[in-house]
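Input: a single structure, listed below in structure tokens.
Just so it is clear, none of the values below were taken in a lab; they were calculated from the coordinates. Keep in mind the model is a prediction, meaning the values are calculated, not measured. Heads up, the Cβs are rebuilt from the backbone with ideal geometry, glycines too, and the neighbour counts pull from every protein chain shown.
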Amino acid sequence: MKSLPILAPVVACLLIVLTYLLVQGAAPDAARHERTLDALRTVILYNAALQRDVLRARTGLLHDYDPLVRSIDRLDEATLALPAARDVASGDARADIDRRVAGVIAAVRDEETLVETFKSVNALLQNSLNYFNYMSGRLASEGNGLRTVEIGALTIAMSRFIGDPQPEEAKAVTAALDRLERPSIDTARAGDVQSLGSHGQLIVSRLPEVDGLVSRLQAAPTGERARALQDAYLAAHGRVAARAALFQTLLYIAALVLVGYVAYLLARLRRNAQILRERLEFERLIASISSQFINLPRDRIRSDIGEGLARLVAQSGLDGAQIVVSRAGDVGPSGGYSYRRRGVDVPARSANDMIELASRWTLTDNELQGCISVPRVGDLPDGLEKERLRAWRLRSWLCIPLWHSGERLGFLALDAVTHEKHWTDDDIALLRTAAEIFANAIARERSEHEREALQARLNQSQRLEAIGTLAGGIAHEFNNILGAILGYGEMALAVLLKDSRARRYVQQIMKAGERAQDVTEQILAFGRRRERRHRALTAQPVVAEAVDLLRASFPATLSVETHLAAADAVMMGDPTELQQVVMNLGANAGQAMNDRGVLRVDLDTTAPVEASMLSHGNLPPGRYIRLAVRDSGSGMDQATLERIFEPFFTTKPAGQGTGLGLSTAHGIVAAHGGALDVESKVGEGTTFEIYFPRVERAAEDAHKDEAADVPIQYGSGETILVVDDDRPLMQLAEEMLAALGYEPVGFDRTPAALNAFRTDPERFDLVLTDEVMPEMTGIELSGQLHRIRPDLPVVLMTGYGRPLRSRQLTAAGISEVIKKPLLSAAVAQCLARHLH
């Protein structure tokens, strides 16, 4: 349809040219030409016949004038056909022929006039001649001697005059007639002699006129003009015939050209039909490949992509095809897919080389529809591209990027090794459709694999969440137990002598309780149930300090190498927890190497531009601080690698590990918004890479070491309402508060505490309540108390470690939250802040 605006004017011009050649090539009308020639020949012929008959009539050989009349009639008929001679010429030639035709017609009309005059005069002359001859002969035979002599003399003079009518001869005839008209004795013939004289005089007067007419008729230009007209007509007809022949030749050539062009069009139509058939087959192939991948099971995608490449190569007449897949952000099967036609030998090429060449292609002349099209490798300018393609023995090459949802998955490369291949725009469009089909299939394979991996991680997260909930509950109960141990131990130390054996025993109990408290903190950290106060910190000094602690704890057979290159990198976090991550990973690595080998700790920065999937978390694009801990230990198999962050999972013998080191590190990393990537092979060691989000440098929180010894502030008899569902802990709190100078009032049930408060709200100066209680939580109790007395300070005790919302605490009127187990110094400081 697009060619119609161009084709229509071309066809119109072609028709005009052919019509012009056809009109100009038309030969003169043959019948008209013959009629014109017959008319010219008739004029010439009958003009000659007329002149002949005139001479015969002059000599008396013509008995009547019918031949003259016939000649005149034929000449008239012929002149009627002469104007047709003008039709063979044009321009000056036509005007010349018109002029000559007019001259011939005028000459014929003049001859007609002369003939009519000739007939009249010649009739009188011939009549007089006949009478003169008859009478002269008669008188000569009947007369006497003298008259006979005179008549004889007259006859001789007349004969000479008739043969040559000259004036001298006319005088002789006149003299003879005068002698004959003299009186004679022969009166009987006087009348005849007089008649003879009259006719003689008539002959003398008419014969020169008749001869003049005859001369004029013989000198008439009709024949000459007719022949000149004939020559001019034939010349014009020849020119017209030659011109017609020329245009006929041109028309014949044009016809040959048209026949050739029609043959070319037929050949092109056949070729286009063949191309259309091939394209239809190609489109059917694309449709077949597309339908093949609809609802295709994931385990068949790889094999069917190879089959699709084979069909694509066979249909396109190529020698091979290869799909290379980028590994950036790759999950699931990666690498590539390839097919080579049997008998085609090409050097092996890696996927990385293909991706590098296609990604860094610099020759813009070979870019077509977003693809790299190289019909002739030999025509490429010298450079890396030409060198690489020649090394692969390719003669033609087409590389199509594989896009899916705005992400480039890789490339589809089509190879021509045994011959050169030129791809049209339509070919590239169809091949791009095939590439999209393959890209969708690869993306679906990746998505399904990623979905399975995410499902496995979700299941693992759910298990970890369940374990974390359990661990939080255990920590809460354990904290209650530790509260009693550490609280009564602290009170015992206050009354025991410094050098007594019992004091030493109690101190050991306190140390064991503190170690148990550390385990509880790890459990809470793992379960993400401990409140964290992150601040901007420079990671490198914290990591360096943790590495120094590792070196001090390792034996001499295990060395630590560091490469810390993140001096100015700042992150949001807890320095103690960051050190705990380094310590836990380092300790785990040392145990994996059996305290022999080299532990390497690296710290640097990275800024990936594409999202990637790590072994234990997603890493979005951004700026990160990367902590890497590498060991040369025994490594782990895949089954062990999948469970390393499960709490209480350990590969160590019973009694040699809690199984919380790596799970605690995983919890800390997750709380910091980081991601973990673990690589390990049996016998080759393990590498832990941790990515912490990097922030812009900001004023770090001032960190001041707390005073080692803070003086305890005692109360002045203020009344403290103590609420805890664990009666021993409630009694412990009462004794602790009494020792600190306060008057405690304890309840192990919240309704009883609430009723006592309602009875006398002004009695109490502060409320110390547990968070988790069966009948009413500490927050709910605080809300009730706050509504009764808004100015009352409320301190919430918690051993569960669950993060509490500040808005929720403020609404309940809670002034502060302290952690269990309670120690006298911490409790004294807290109460002093709200009462003194």
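Estimated at 0.36 nm per residue, the fully extended path between residue 807 and residue 825 surpasses their Cα-Cα distance by 3.7 nm. Only Cα pairs under 8 Å and 6+ residues apart enter the sum, and on that basis the relative contact order of segment 719-835 stands at 23 percent. The calculated FRET efficiency for the pair residue 420 and residue 19, based on their C-beta separation and a Förster distance of 51 Å, comes to about 0.65.
The order of 549, 125, going from fewest to most other C-beta atoms within 10 Å of their C-beta, is 549, 125. Shown here are the Rg and Dmax of the Cα trace of segment 37-112, at 14.4, 49 Å. Here are several values of Kirkwood radius over Cα pairs in Å: (1) 41.8; (2) 27.4; (3) 35.4. Which one was derived from the coordinates shown? Identified label for the calculated read-out: (1). Antiparallel beta bridges, as assigned by DSSP with both residues in the chain, represent about 70 percent of the total such bridges. In a reduced charge model with +1 at each Lys and Arg Cβ and -1 at each Asp and Glu Cβ, the chain shows a dipole moment near 2260 debye about its Cα centre.
Taking other Cβ atoms within 10 Å as a rough exposure proxy, 397, 403 sort from fewest to most as 403, 397. Computed from backbone phi, the HN-Hα couplings of segment 303-312 come to 5, 6, 5, x, 5, x, 4, 4, 5, 5 Hz, rounded to whole numbers (Karplus: 6.51 cos²θ - 1.76 cosθ + 1.60, θ = phi - 60°; Gly and Pro given as x). Taking each DSSP H run with n ≥ 4 as -39500 (n - 2.57) and averaging over every residue of the chain yields -20000 deg cm²/dmol at 222 nm. The trypsin sites (Lys or Arg not before Pro) of segment 489-518 meeting both criteria, a DSSP state outside H, G, I, E and B (loop) and at most 12 other C-beta atoms within 10 angstrom of the site's C-beta, are 498. Relative contact order for the chain: 8 percent, from Cα pairs under 8 Å spaced at least 6 residues apart, divided by residue count. A Förster radius of 35 Å combined with the Cβ-Cβ distance from residue 218 to residue 41 puts the calculated FRET efficiency at roughly 0.95. For residue 587 and residue 179, the difference between the fully extended length at 0.36 nm per residue and the C-alpha to C-alpha distance is 128.1 nm. For residue 368, the residues whose amide H sits under 5 Å from its own are 373, ignoring neighbours fewer than 5 places away on the same chain, with H placed 1.01 Å from N.
Shown here for segment 740-811: trypsin sites (Lys or Arg not before Pro) in loop regions (DSSP other than H, G, I, E, B) with at most 14 other Cβ atoms within 10 Å, namely 805.
Look at 433, 686 and count the other Cβ atoms within 10 Å of each Cβ; fewest to most, that gives 433, 686. Given R0 = 30 Å, the distance between the Cβ atoms of residue 249 and residue 32 translates into a calculated FRET efficiency of 0.80.
Note on residue 623 and residue 367: their simple-model spin labels are 3.1 nm apart, each label 7 Å out from Cα toward Cβ.
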